[in-house]
Amino acid sequence: QVQLVESGGGLVQAGGSLRLSCAASGRALSPYARGWFRQFQGKEREFVAAIAWAGDVTNYADSLKGRFTISRDSTKNMVYLQMNSLKPEDTAIYYCAGRRSNFVTSSHSSYDYWGQGTQVTVSS
């Protein structure tokens, strides 16, 4: 079994930055794609970004391009989400996800493994 653990969430003022990390343990996930999703209170989980094993293919939610950057260090089984120019509407629980395929997708139903989530709160 694979375990994903997110870290780096917290409280930040609008305009600030946070860097989320996702550590994988158990069976190695490479060469599998990894993604970030977020869930607003009372809403369904939505796609943020995804990255292939080699980091050569990425995909972003259109609304987040330019502010969020996904990266990975496959030697350490780590994936990161750099979030800049944060807005109060970015407040959500952020989840790391992994899948048994290297195909990058925005569909949350295509991911096989999920972390427990980390809260990001952006104050105005």
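Report the extension gain between Glu46 and Ala61 in nm, rounded to one decimal, defined as 0.36 nm multiplied by the number of residues separating them, less their alpha carbon distance. Kindly include the intermediate steps, with their values, before the conclusion.
Values: separation 15, 0.36 × 15 = 5.40 nm, distance 0.89 nm.
Going from the current span to full extension adds 4.5 nm.
Go through Ile93, Ile51 and list them by solvent-accessible area, largest first, probe radius 1.4 Å. It would help to have the intermediate numbers written out before the result.
Values: Ile93 55, Ile51 5 Å².
Largest to smallest exposure gives the sequence Ile93, Ile51.
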Label Asn84 and Arg27 with points 7 Å out from Cα along Cα→Cβ: what is the distance between them in nm? 3.7 nm
With springs connecting C-alpha atoms under 10 Å apart, model the chain as a Gaussian network and identify which of Gly42, Gly98, Gly16 has the largest mean-square fluctuation. Gly42
Solvent-accessible area, 1.4 Å probe, carbon plus sulfur percent, for segment 80-124: 46 percent
What accessible surface, in Å², does a 1.4 Å probe find on Glu89, ignoring ligands, DNA and RNA and rounding to the nearest 10? 110 Å²
Return the distance in nm (one decimal) between the two label points of a simple spin-label model at Lys76 and Arg100, each offset 7 Å from Cα along Cα→Cβ. 2.8 nm
Expressed as a rounded percentage, what relative contact order does segment 1-64 have, with Cα pairs under 8 Å and six or more residues apart? 23 percent
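With an 8 Å cut-off on Cα pairs and a minimum separation of 6 or more residues, tell me the relative contact order of segment 41-124 in percent. Before the final figure, lay out the partial values.
Numbers: 121 pairs, mean separation 24.5, N = 84.
Dividing the mean separation by the residue count of segment 41-124 yields 29 percent.
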Under the Debye formula (equal points on every Cα, no solvent term), log10 I(q)/I(0) of segment 41-100 at q = 0.17 Å⁻¹: -0.62
Show Trp53, Trp114, Trp36 ordered by accessible area, largest first, where the area counts protein heavy atoms only and the probe is 1.4 Å. Trp53, Trp114, Trp36
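Explain nothing, just the number: dipole magnitude of segment 1-121 about its Cα centre with +1 on each Lys and Arg Cβ and -1 on each Asp and Glu Cβ, in debye rounded to the nearest 20.
Values: 13 positive and 9 negative charges, 33 e Å.
In total the dipole reaches around 160 debye.
The values are calculated or read from the model by the stated rules, or taken from the named source; none is laboratory data. Here the structure is a predicted model, which means the values were calculated and not measured. Neighbour counts are summed over all protein chains in view; Cβ atoms, including those assigned to glycine, are modelled from backbone coordinates with ideal geometry. Ligands, DNA and RNA are stripped out before the accessible areas are found, and what is left, the full protein with its side chains, is counted by its heavy atoms. Shrake-Rupley method; radii C 1.70, N 1.55, O 1.52, S 1.80 Å.
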